[in-house]
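Encoded as structure tokens, the structure appears first; notes follow it.
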Amino acid sequence: MSSSGCKLPRKAVVVGAGPVGCLAAMSLARMGWSVDIYEGRPDMRLPSSKAAAQQRSINLAISARGLAAIQAIDPAAADRFLSTVIPMRGRMIHDAQGHQQSQPYDRDGQGINSIGRAYLNEDLLGEALAVPGIRVFFQHKVVTVDFDRKTMNVRDVEGGKDVNVSFDFCVGADGSYSIIRRQLMRVVRMDYQQEYIPHDYLELKMPAGPPTEPGGDPTFLLDPNHLHIWPRHTFMLIALPNKDKTFTCTVFAPTAEFDRLNSDEAILRWFQANFPDALPLIGQEALLADFHRNPRSALMSIKAKPYHYKDRAVILGDSAHAMVPFYGQGLNCGLEDVRVLDILLRDAGVDPTAQTPDGQEDPQLAHALSTYSATRHEDLVAACELAMDNYVEMRHSVTTLGYRFRKALDNLLYSLNRKHVTAKDVTAPLLDKPFINSPSGWLPLYTMVTFRPDISYSTARRRFLRQSQILETTAWLSAGVAVGMGIAGVTLLRRLYARA
Ligand SMILES: Cc1cc2nc3c(=O)[nH]c(=O)nc-3n(C[C@H](O)[C@H](O)[C@H](O)COP(=O)(O)OP(=O)(O)OC[C@H]3O[C@@H](n4cnc5c(N)ncnc54)[C@H](O)[C@@H]3O)c2cc1C
């Protein structure tokens with residue numbers, strides 16, 4: 001309590017100023033916590049940081065879940081954010097001959113949104129810093145945490161010294177190599193699984209095209225309202241549009257495949273054979289320069305449980321559930337973590353000014369965090385598994401006849417579902433409820449995951465598995481009926497022929 005008698009806010013420390021950390025800080029500060037963010041890297045708004053980000057400018061697809069989460073924490077920020085994205089309404093499949101085929105994501109024209117990672121992060125950081133009660137310390141890397149004493153040791157990288165920071169509540173949003181997760185493992189019996197997939201990824205830049213008239217604006221070399229995919233069974237290339245009319249392309253391939261590309265000739269030959277229409281758009285010189293300069297990175301999936309410790313720490317975003325990027329859900333899921341936790345903290349009546357005597361726990365906060373671990377785990381595991389399943393779909397299944405038949409059947413059954421529900425219809429109830437979880441009628445998996453933030457990942461996956469069995473049975477029955485009719489037809493023809 002302050003000398004004037006008004007209660008002082010408790011202190012939350014958020015580790016990591018990535019998108020999830022920024023949104024978590026906004027959520028806590030709006031509830032009344034005093035929030036300090038510690039970020040190991042320099043300020044991303046500095047020109048030197050921007051130059052470094054140019055080297056690795058992964059762009060992201062943000063969809064309804066991520067948007068619903070930002071909307072729940074700060075509706076005005078969500079509106080500002082939407083003005084900076086490029087909508088993508090479907091996949092554009094490029095075959096080996098360079099033909100393109102559009103596959104819309106949704107019958108109601110809903111899509112996903114492309115945004116530069118650095119752009120998104122800067123945007124959310126700006127929003128966070130505009131909220132009273134939030135401070136950020138760049139180049140401050142958390143090294144160790146003593147959760148029982150509620151203190152952490154932070155390295156001030158610029159000043160070259162260590163500082164001791166105390167906290168009431170610690171939120172780890174420090175990415176897939178999280179120090180907070182590792183420190184939690186010392187005090188929590190955490191089940192933990194980390195899996196690398198045998199594929200790496202490498203980024204390439206497709207430049208903007210020339211203006212259509214002298215002095216005009218540059219143009220896109222491909223349709224900007226699609227996510228472009230060149231599926232080649234064991235590997236693939238994808239391209240997402242940027243605001244400056246360029247595309248960020250990413251090659252995903254097995255490590256052994258990349259290893260074979262050990263000379264300029266081999267790289268150009270491989271590109272010419274597999275992505276003949278992309279090569280001239282990227283340009284041979286630019287392709288080789290990117291191949292030599294840009295890092296090849298590994299992809300992994302992380303599952304953990306629980307995500308919290310007593311009333312004082314929780315991990316969110318990639319630190320709790322890094323996933324392979326093939327469903328475009330990693331960030332969406334991390335932002336959703338913040339929305340779900342925000343609701344649980346409010347539901348439990350956590351008071352950001354409540355002071356607990358030394359050694360005692362805040363029962364409301366402890367309850368909210370244990371409910372978070374207990375209820376969120378199933379969804380986070382489902383999200384990781386959906387992402388893994390989608391890798392096969394993106395690089396291989398989309399090219400097969402069986403897939404297209406099942407997809408057509410899936411869409412046909414969906415069209416019989418008379419109730420059209422779009423992401424906009426379900427966003428308002430999500431301000432107070434984690435999920436609604438009672439979807440009706442037939443819903444394709446992609447629709448549930450991407451456009452229905454009211455349906456949890458685990459419900460979507462369970463429902464999909466049930467629907468898949470029905471599709472499988474229907475496909476076999478149709479095949480059986482077709483074969484039966486064929487046999488009957490041939491028999492009839494033979495009889496007629498014999499009589500003639
Ligand atoms: C190739 C690729 C494509 C992707 N595409 C998509 C997509 O289309 N859609 C989607 O939703 N997701 C996508 N993702 C996933 C998405 O990038 C992540 O899920 C998201 O960035 C996680 O955000 P975060 O805030 O949890 O972690 P991060 O963005 O990793 O931020 C963590 C922050 O913590 C800081 N930090 C780390 N350690 C410390 C420390 N000790 N002390 C202080 N600070 C620290 C880091 O510097 C960093 O700023 C993709 C991922 C990859 C690899």
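The values are calculated or read from the model by the stated rules, or taken from the named source; none is laboratory data. Note that the coordinates shown come from a computational prediction; the quantities given were computed from them, not determined experimentally. We place every Cβ from the backbone using ideal geometry, glycine too, and count neighbours over all the protein chains shown. Only protein heavy atoms, including side chains, enter the accessible area calculation; ligands, DNA and RNA are left aside. Shrake-Rupley method; radii C 1.70, N 1.55, O 1.52, S 1.80 Å.
When DSSP beta bridges are limited to those with both residues in the stretch 1-127, what percentage is antiparallel, rounded to the nearest 5?
Percentage antiparallel, nearest 5: 70.
Which of the peptides 489-496, 68-75 is most tightly packed, and how do the rest follow, judged by the mean count of other Cβ atoms within 10 Å per residue?
68-75, 489-496
To check you understand DSSP bridge types, tell me what percent of the beta bridges within the chain (both residues inside) are antiparallel, rounded to 5.
The answer is about 75 percent antiparallel.
What helices does the chain hold that run 20 Å or longer along their axis, going by alpha-carbon atoms, with a Kyte-Doolittle average of -1.0 or more, using DSSP H for the helix calls?
TM-like helix candidates: 330-347, 363-395, 401-415, 457-499.
What's the center-to-center distance, using Cα atoms, between the stretch 264-294 and the stretch 322-358 in Å?
42
Calculate, for the stretch 220-295, the solvent-accessible area per residue in square angstrom, rolling a 1.4 angstrom probe over the heavy atoms of the protein chains.
40
Tell me the Kirkwood hydrodynamic radius of the stretch 396-475 in angstroms, computed as one over the mean inverse distance between distinct C-alpha pairs.
Kirkwood radius, the stretch 396-475: 13.5 Å.
According to a simple spin-label model (label point 7 Å from Cα along Cα-to-Cβ), what is the distance in nm between Thr491 and Met300?
6.1
Where does each of Tyr446, Tyr119 land when they are ordered by accessible area, with a 1.4 Å probe and the largest first?
Solvent-accessible surface, decreasing: Tyr119, Tyr446.
Highest mean first, what order results for 206-215, 282-291, 124-133 on Cβ atoms within 10 Å?
124-133, 282-291, 206-215
Tell me the Kirkwood radius of the stretch 291-333: reciprocal of the mean inverse pair distance over distinct alpha-carbon atoms, in Å.
Computed over Cα pairs of the stretch 291-333, the Kirkwood hydrodynamic radius comes out at 12.4 Å.
At 1.4 Å probe radius, can you tell me the per residue accessible area of the stretch 1-133 in Å²?
With the other protein chains kept in place, the stretch 1-133 gives 41 Å² per residue.
Sticking to Cα atoms, compute the Rg of the stretch 57-216 to one decimal and its Dmax as the biggest Cα-Cα distance, whole number, in Å.
Calculated on Cα positions, Rg and Dmax stand at 21.6, 67 Å.
What percentage of the solvent-accessible surface of the chain, computed with a 1.4 Å probe over protein heavy atoms, is contributed by carbon and sulfur atoms?
The C+S portion of the solvent-accessible surface of the chain is 56 percent.
With every protein chain left in place, what is the accessible area per residue of the stretch 352-500 in square angstrom, probe 1.4 Å?
Per residue, the stretch 352-500 has an accessible area of 57 Å².
If the convex hull of the alpha-carbon atoms of the stretch 344-469 is projected onto planes in all directions, what is the mean projected area in square nanometres?
10.1
When a/c reaches 1.5 or more, the comparison of a/b and b/c decides; with that in mind, is the stretch 383-437 rounded, prolate or oblate per its Cα gyration tensor?
oblate
How much length is gained if the chain between Ala208 and Asn164 is pulled fully straight, taking 0.36 nm per residue apart and subtracting their Cα-Cα distance, in nm to one decimal?
That pair, Ala208 and Asn164, stretches by 11.0 nm at full extension.
Pulled fully out, how much extra length does the chain show between Thr399 and Gln360, if you take 0.36 nm times their separation in residues and subtract their Cα-Cα distance?
8.1 nm
I want to verify the translational diffusion coefficient of the stretch 438-500 in µm²/s; compute it with Stokes-Einstein, Rh as the Kirkwood radius over Cα pairs, at 4 °C and 1.567 mPa s.
Diffusion coefficient, whole number: 88 µm²/s.
Is the shape of the stretch 179-280 rounded, prolate or oblate, going by the alpha carbon gyration tensor and its root eigenvalues a ≥ b ≥ c, with a/c under 1.5 for rounded and a/b larger than b/c for prolate?
oblate
Under a straight-distance cross-link criterion of Cα-Cα below 22 Å, which lysines are reachable from Lys419, leaving out those fewer than 8 residues away in the same chain?
Reachable lysines: Lys407, Lys433.
State the extension gain, in nm to one decimal, for the chain segment bounded by Gln284 and Tyr196, taking 0.36 nm per residue of separation less the distance between their alpha-carbons.
Length difference between fully extended and current span is 28.6 nm.
Can you tell me the alpha carbon radius of gyration of the chain divided by the globular rule-of-thumb value 2.2 N^0.38 Å?
1.09
Gap in Å between the Cα centre of the stretch 387-421 and the Cα centre of the stretch 204-227?
Using only Cα atoms, the two centres lie 31 Å from each other.
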